[in-house]
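Asker: After the structure tokens below, expect a handful of questions from me.
Derivation of every value follows stated rules applied to the coordinates shown; laboratory data play no part. Bear in mind that the values here come from a model prediction, so they are computed numbers and not experimental data. We place every Cβ from the backbone using ideal geometry, glycine too, and count neighbours over all the protein chains shown.
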Amino acid sequence: MKIIKGLIITALLLTVIVFGLNVVRSKYQSFQAQQVEDQKIQEIKEITEKLSTNPKYRDHTAQATKELKEKLCSLTARPVDEREKAIASIREFLEMPTVEVEYECSNAFYSLEEDKFVPAKGETYTVGLTYFIVDPETNHVLQVEETPGTWGYRTDGSRWFSEGKEYDYSANYSQEEVEQIAKAFIAKHSSSIGNIDLSKLALETGKKDGGNDRVNYFFIWRGEAQTIQHNQPLETCSEDLNKDIEGLYYNGNGVPCIKVYESTETPNISIAFTNGGQLISFSNELDGPVSRATIR
């Protein structure tokens, strides 16, 4: 009997010891992870300060600036396995399960004014000549547009332009037919853009006729106006700004700037198609304005 009691006590002691070791190990691992995260945020802060105050990085086209921005994009990126969910949404949106999707950057940033790191509200990905902005919280596609083109001058003074996308205008669908295509597209791709009830929104339509049967149709469904708080303030810099406006400041180039922290926005979802039934652009601002694309 004494032997059995001794074995029971020993087993209990071992259980307590193992449990204690697991608790200590878990706390140590959490401590290590927090140290790594703190170090990463400190590095993000230092890079932000360099880009904001060091004249060396004032030229956005300089190689040193590009390399520093690339490093910032790498530091603010989600883990690869989490970004794979965003890539899956983009492939579903395109109905191309094996298409190559390239991650560009997120709009996470370090606020020097508030001395804190602000998590991303959007991530930018590219597929060929098209960019996608994805919500990292839901992995839903928020915006789809053609990537910004580049241009310059030749030695003879003429201008050159980078390659642009080719669009299909062969079917010559009517506006009513394209509207049905747009509605069907939104309903079909709920897993990549979310469940959207268009019946609760007011529809506005428009079109642009480029001649030679090249017509683009635009559809915007609007909700009720509401006040939006901008986690990342909207910055406008221009010599045309009113110099007496409250909150005015000057950037590193001496240009007047203003930041807007809240605004009244009308939630909407917009989509555009050619009269050939090809999607041109998509934007979902039902939960607020979509941030600008960040393309390296």
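Asker: Between TYR169, ALA64, GLY277, whose Cα lies farthest towards the positive end of the dipole of the chain when Lys and Arg beta carbons carry +1 and Asp and Glu beta carbons carry -1, centred on the Cα centre?
Answerer: Result: ALA64, furthest along the dipole toward the positive end.
Asker: From the backbone phi of the stretch 97-114, what are the Karplus-calculated ³J(HN,Hα) couplings (6.51 cos²θ - 1.76 cosθ + 1.60, θ = phi - 60°) in whole Hz, Gly and Pro given as x?
Answerer: x, 10, 5, 7, 10, 10, 6, 9, 6, 10, 9, 4, 7, 9, 7, 5, 5, 9
Asker: Can I ask one more? Enumerate the amide H contacts of ALA171 below 5 Å, restricted to partners 5 or more residues apart or on another chain; note that Pro and chain-start residues carry no placed amide H.
Answerer: GLY276
Asker: Apply the Karplus curve 6.51 cos²θ - 1.76 cosθ + 1.60, θ = phi - 60°, to the phi angles in the stretch 225-237 and return the couplings in whole Hz, x for Gly and Pro.
Answerer: 4, 8, 7, 10, 8, 8, 4, 9, x, 7, 9, 10, 10
Asker: A follow-up question, please. If you keep only loop residues by DSSP, which trypsin sites (Lys or Arg not before Pro) in the stretch 138-236 have at most 15 other Cβ atoms within 10 Å of their Cβ?
Answerer: Numbers: sites: ARG154, ARG159, LYS165, LYS183, LYS188, LYS200, LYS207, LYS208, ARG214, ARG222; in loops: ARG154, LYS165, ARG214.
Listed in order of number, the matching sites are ARG154, LYS165, ARG214.
Asker: Moving on to the next point. What's the magnitude of the charge dipole for the stretch 2-284 around its Cα centre, counting Lys and Arg as +1 and Asp and Glu as -1 at the beta-carbon? Answer in Debye, nearest 20. List each step's numbers first, then the result.
Answerer: Numbers: 30 positive and 43 negative charges, 276 e Å.
The calculation lands at about 1320 debye.
Asker: Would you look at the GNM of the chain, springs on alpha carbons closer than 10 Å, and say which of GLU100, GLU204, GLU246 moves the most?
Answerer: Its mean-square fluctuation being the largest, the pick is GLU246.
Asker: Within straight cross-link reach of LYS200, meaning Cα distance under 26 Å, which lysines are found once same-chain residues fewer than 8 apart are removed?
Answerer: Straight-line reach from LYS200, under 26 Å: LYS121, LYS183, LYS188.
Asker: With +1 assigned to the C-beta of every Lys and Arg and -1 to the C-beta of every Asp and Glu, and no other charges, what is the dipole magnitude of the stretch 55-155 about the Cα centre in debye, to the nearest 20?
Answerer: 460 debye
Asker: Under 14 Å Cα to Cα from LYS50, which aspartates and glutamates show up? Leave out anything in the same chain fewer than 8 places away.
Answerer: The qualifying aspartates and glutamates are ASP59, GLU67, GLU70.
Asker: Now for a separate question. From Cα pairs below 8 angstrom and at least 6 apart in sequence, can you work out the relative contact order of the chain, rounded to a whole percent?
Answerer: Result for the chain is 16 percent.
Asker: Between GLU177, GLU163, GLU123, where does the largest GNM mean-square fluctuation fall for the chain, given springs only between Cα atoms within less than 10 Å?
Answerer: Its mean-square fluctuation being the largest, the pick is GLU163.
Asker: Measure out, as a whole number of angstrom, how far apart the alpha-carbon centroids of the stretch 247-283 and the stretch 53-109 sit.
Answerer: The two parts, judged by their Cα centres, are 20 Å apart.
Asker: Another question, if that's okay. Please identify, among ILE245, ILE47, ILE220, the residue showing maximal mean-square fluctuation in a Gaussian network model of the chain using a 10 angstrom Cα cutoff.
Answerer: ILE245
Asker: Principal axis lengths of the chain from Cα atoms, whole Å, largest first?
Answerer: Computed over the Cα atoms, the extents are 99, 50, 43 Å.
Asker: A follow-up question, please. Apply the Karplus curve 6.51 cos²θ - 1.76 cosθ + 1.60, θ = phi - 60°, to the phi angles in the stretch 268-280 and return the couplings in whole Hz, x for Gly and Pro.
Answerer: Once θ is set to phi - 60°, the couplings for the stretch 268-280 become 7, 10, 10, 8, 10, 10, 6, 6, x, x, 8, 5, 9 Hz.
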